[in-house]
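Colleague: Quick one: structure below, then a few questions.
None of the figures in this text is laboratory data; all of them are computed from the coordinates on show. No experiment lies behind these values; they were computed from the predicted model shown. Here the Cβ positions follow ideal geometry from the backbone for every residue, glycine too, while neighbour counts run over all protein chains shown.
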Amino acid sequence: MIHDRSILDEKTHAEAGSTLSRRALLQAGAGLAIGVYIAGRTPSFAQNRPAPQSVNILPNTFLIIAPDDTVTVLCKAIEFGQGPFTGFATLVAEELDADWSQMRAVHAPSNPALYKNLLFGVQGTGGSSAIANSYEQMRKVGAAARQMLVATAAERWRVAASEISVENGVIKHASGKQGRFGEFATEAMLRPVPADPQLKDPADFKLIGRDGAVQRLDSAAKSNGSAIFTLDLDEPEMLTVLIARSPKFGGVVSSFDATAAKQIAGVVDVRQVPTGVAVYAKGFWPAKLGRDALKIVWDDSKAETRGTREILSEFRALAKTPGKTVKQHGDVDAEFAKGGRLIEAEYVFPYLAHAAMEPLNGFIKWDGDTALARYGCQFPTPDHGAIAQVLGIGVDKVKLEVLLAGGSFGRRAQQTVHAAIELAEVAKAIGPGKPLKLVWTREDDMRGGYYRPFGVHRMRGVVRDGKIEGWTDTIVGQSIMKGTPFEAMTFKDGMDSTTYEGSNEIPYEVANFRCDLHQVDVGVPVLWWRSVGHTHTGYAVEAFIDELLEAAGQDPVEGRLALMGDNKPRHAGVLKAVAELANWKGAKLEAGRVRGVAVVESFNTFVAQVVELSMTEEGPKLHKVWCAVDCGVAVNPDIIRAQMEGGIGFALGHILYAEQTIEAGAPVAGNFDKYRSLRINEMPEVEVVIVASGEKPTGVGEPGVPPLGPAVANAMAKLGLPRPRQLPIVPGATA
Amino acid sequence: MTAYRLNINGQSHAIDVDPGTPLLWAIRDGAKLTGTKYGCGVAQCGACTVYLDNQPVRSCSLPVSAVGDSQITTIEGVGGREAAAVQAEWVKLDVPQCGYCQSGQIMSAAALLARNPKPSDRDIDLAMAGNICRCATYVRIRAAIHGAAKTLEG
Ligand code: FES
Ligand code: FES
């Protein structure tokens, strides 16, 4: 989820000739990751940080070609549904000329020297970057391996390598000699690795971008219960650990009485840890009963005391005053003074929990000298260092294995490494020797903070003679990165770019423009949440432009296209594509049905959506969503479609129903009864078109989310309803 | 602690737990069958769906003391034409994303087809609304159930 372009966009920096400073920043940013956590100590993981410029293409670190002819890809990105197992295997298999049936994938272990994300400089998944940062790398791995296999076969057959061809996993020579990868692999892997293996011409692709050429590698195991998640880990003597954490953010244990808890059969121990009181038991249920029996007095002297209501009134008051300017051009104040039709809108965005289907958890085994941690880890490098530091051992003494995770939506990538620290603290508190599984209940997870930040956008626009002449967007929000190791990477002029991304640059030409920000501290921990700043900036910008276009008497599609001019070809491309797909003929239809549209770029991927809905007593009912996406080269078209479908459903559930309310410093919703999730009966039909593109591939995990909410709001407006000013649209919805 | 004998997937498992222990945890921590998932613990999400005498139930909200001699079926033991058709279609359409909810989805879907071999969209809504998928794979779940129904038609 690190995605600030100033740091991570290779192109921007290549243009600015500042590749070096980008490197320096990455080192600084990542080095801080642990430095912040334990001040004054050299980050241990930094010591074996890879040289930033090196790109590992060593086949023997990424591929296991077994004698049985299977090719297993070690995937450096975590698989939690967005498809990197299949994507990485596609890239390798394409260049290797493997047969899809022989491909497998597993997670690479934590090892930044080998498996760093080329955009981050450390190992981690986020910012919809998995395919983007691996497209060439994994193809080169496949191409290098192919060349090594061919060279081995040439030697064995005593023929020229140039006379050998490879097709569907079979190595062939015109003489009729042929063999399979498994027969040559052991020898081939010992050969020198070609420095710059020849890549295929995209015109010759058989798998990349070919619909139906591959199937997900993880579908079968996820359809018969055999896929192993962290919650499923088990070992003899393993204890399940639950932690009682402070109900209020910022509260700490003052004192506790574990007498009753220890009397519960199956409870083995109770220990205080920095985040609360940990109960160690033989299985989940005794741990739960033990935790329920704890008596804890909390010290709330440093806890957050405000609730959503108080925070909202503070934010609202601030929104009426100009913040610190993020970006401006023209003279917007003068423009407003000239008169015309002045339009104002204030949008309020709630705290949102990620509520991934598998709550947070982790497995750890520490023997005093070495440790093994296994869990659905999204940022291995910082987590790895944190575990080592808590246990007081070197990173080389800690093995961190990445497991499948039941969703994340950002939650498992932690700038503060808080869950990794807690996992290690739990091991430290009871002492070496016991395998432990730390489990968060749904309530722990949902009330555990690290939410999509609460925020307000106050929009003002002026329309004169059918033209949008001025635009201001005053944002009030909490920084995701402030005080975390990543602050250096996303802060510019003291402002967190993840708070305003998408609002500072809009794809529409408006002569007089200002975006400003009030960055406010709140004691509620916040985090990136599937599409980060675009979760709210996408809504604010796209709902407001639609409102202004309406005031200007223009069609939502035509009006947008006109304002894009010739400068936004990819925005315009997806907008035109979705209009065509939906057969757009204006927003109003018969029988109470209306349509709305929105287009948002996030993570260098462009997505436009048209929704069709009608209103019921329970709120909007979505019938269909049309979606056009431009993500550069489409590596796995069906996974792209799946991510658009999922992104649409995820966005819809939240825009309609979801809100984590805070009361006096404590989060209210603990489960899906109060934090309502989208269900199948609320899921619209979805039709996706992938816009053909030769641009470098970009991600699809997040970009399907942002346009949905504003498209719904814009459709509702066509029924004469106000575009929802405060989300969720159906407040107080319970399941 | 009380000793129970649970009949899971045709096998008898001896389990010694507190009588209030939800069947889910008896299956997972006791019988060591981990295909059945924990998602909410309060009968909201369906991740823990198993069959009790062939009827889908939320195992997180059923105390082990209430199970008696009933036959329990989990994703590991689910068999029969409906489940096979559902699982095949799930793979064919690449339904799962993170996959964590899918054991429960498949148990609910197979149970639906067993009592209604040709469900309408509305039947699917009614039968599947208790199973949350946070990845929102609902479009494909629906398509896969229709696909499985077709297979079963022969
Ligand atoms: S875990 Fe049983 S319904 Fe959610
Ligand atoms: S596939 Fe992830 S929750 Fe359903």
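Colleague: Which whole-number percent of Cα pairs in chain A have a distance greater than 42 Å?
Modeller: Within chain A, distances greater than 42 Å cover 31 percent of Cα pairs.
Colleague: Let me ask you something else. Quick one: give the max-minus-min coordinate of the C-alpha atoms of the range B:80-153 along each principal axis, largest first, in Å.
Modeller: Cα extents, longest axis first: 30, 23, 18 Å.
Colleague: Within a 10 angstrom radius of each residue's Cβ in A:667-680, how many Cβ atoms of other chains show up on average? Whole number is fine.
Modeller: 5
Colleague: Relative contact order, percent, of the range B:2-73 when contacts are C-alpha pairs under 8 Å separated by at least 6 residues?
Modeller: RCO, the range B:2-73: 36 percent.
Colleague: In addition: Output the relative contact order of chain A, whole-number percent, from Cα pairs under 8 angstrom with separation of 6+ residues.
Modeller: This gives 15 percent for chain A.
Colleague: A further question on this structure: Taking a cut-off of 20 Å between Cα atoms, list the lysines near A:LYS262, but don't count ones fewer than 8 places away on the same chain.
Modeller: Once the sequence-local lysines are set aside, what remains near A:LYS262 is A:LYS282, A:LYS288, A:LYS295, A:LYS428, A:LYS434, A:LYS437.
Colleague: Calculate for chain B the 222 nm mean residue ellipticity that helices alone would give, adding -39,500 (n - 2.57) per DSSP H run of length 4 or more and normalising by residue count, nearest 500 deg cm²/dmol.
Modeller: After summing the helix terms and dividing by residue count, I get -10500 deg cm²/dmol.
Colleague: Still on this structure, I have one more. Would you compute the Debye intensity of the range A:175-289 from its alpha-carbon atoms alone, equal scatterers and no solvent, and pass along log10 I(q)/I(0) at q = 0.15 Å⁻¹ to two decimals?
Modeller: So the normalised log intensities work out to -0.88.
Colleague: Something else now. Under 10 Å, Cα contacts only: if you run a Gaussian network model on chain B, which one of B:CYS135, B:CYS45, B:CYS60 comes out with the highest mean-square fluctuation?
Modeller: It is B:CYS135.
Colleague: Taking a threshold of 20 Å on the Cα-Cα distance, which of the pairs A:LYS172/A:LYS206; A:LYS248/A:LYS674; A:LYS222/A:LYS399; A:LYS222/B:LYS118; A:LYS568/A:LYS696 fall above it?
Modeller: A:LYS222/A:LYS399; A:LYS222/B:LYS118
Colleague: Among A:454-460, A:444-450, A:553-559, how do they line up from the highest to the lowest mean number of other beta-carbon atoms within 10 Å?
Modeller: A:454-460, A:444-450, A:553-559
Colleague: What does the charge dipole of the range B:80-153 about its Cα centre add up to, to the nearest 20 debye, if the Cβ of each Lys and Arg holds +1 and the Cβ of each Asp and Glu holds -1?
Modeller: About 0 debye.
Colleague: Students often forget the sequence filter, so: which lysines lie under 25 Å Cα-Cα from A:LYS338 once same-chain residues fewer than 8 apart are removed?
Modeller: Once the sequence-local lysines are set aside, what remains near A:LYS338 is A:LYS320, A:LYS324, A:LYS327, A:LYS467.
Colleague: Based on the mean of other Cβ atoms within 10 Å per residue, sort peptides B:69-76, A:351-358, A:677-684 so the most packed one is first.
Modeller: A:351-358, A:677-684, B:69-76
Colleague: For peptide A:348-361, how many partner chain Cβ atoms fall within 10 Å of a residue's Cβ, on average?
Modeller: The mean count of partner-chain Cβ atoms within 10 Å per residue comes to 3.
Colleague: Using a 10 Å cut-off on Cβ to Cβ distances, tally the other chain neighbours for every residue of A:282-289 and report the average as a whole number.
Modeller: Mean shielding count: 6.
Colleague: Over the range A:522-623, with a single point scatterer placed on each C-alpha, what log10 of the ratio I(q)/I(0) does the Debye formula yield at q = 0.14, 0.18, 0.19, 0.22 1/Å?
Modeller: Here log10 of I(q) over I(0) equals -0.63, -0.96, -1.04, -1.27.
Colleague: Please give me the summed charge of the neighbours of B:GLY41: other residues whose Cβ is under 10 Å from its Cβ, Lys and Arg +1, Asp and Glu -1.
Modeller: +2
Colleague: Taking the Cβ of A:THR230 as the center, what net charge do the other residues with Cβ under 9 Å away carry, scoring Lys and Arg +1 and Asp and Glu -1?
Modeller: 0
Colleague: Rounded to the nearest 500, what is chain A's calculated 222 nm mean residue ellipticity when only DSSP H runs of at least 4 contribute -39500 (n - 2.57) each, over all residues?
Modeller: Value at 222 nm, helices only, nearest 500: -9000 deg cm²/dmol.
Colleague: Arranged from highest to lowest average of other beta-carbon atoms within 10 Å per residue, in what order do the peptides A:333-340, A:647-654, A:307-314 appear?
Modeller: Those peptides, ordered most packed to least, come out A:647-654, A:307-314, A:333-340.
Colleague: Where in chain A are the helices, taken as whole DSSP H runs, whose Cα atoms extend 15 angstrom or more along the long axis and whose Kyte-Doolittle mean reaches at least 0.0?
Modeller: Long hydrophobic helices here: A:19-35, A:84-96, A:308-319, A:380-391, A:418-430, A:534-551, A:569-581, A:637-657.
Colleague: Using only Cα atoms, find the angle between the long axis of helix B:138-153 and the longest principal axis of chain B, and express it within 0 to 90 degrees, rounded to the nearest 10.
Modeller: 80 degrees
Colleague: Write down the radius of gyration of chain B and its Dmax, each obtained from C-alpha positions, in Å.
Modeller: In order Rg, Dmax, the Cα atoms of chain B give 15.3, 50 Å.
Colleague: Does anyone have the angle between helix B:102-115 and the longest principal axis of chain B? Alpha-carbon axes, 0 to 90°, nearest 10?
Modeller: Approximately 70 degrees, to the nearest 10.
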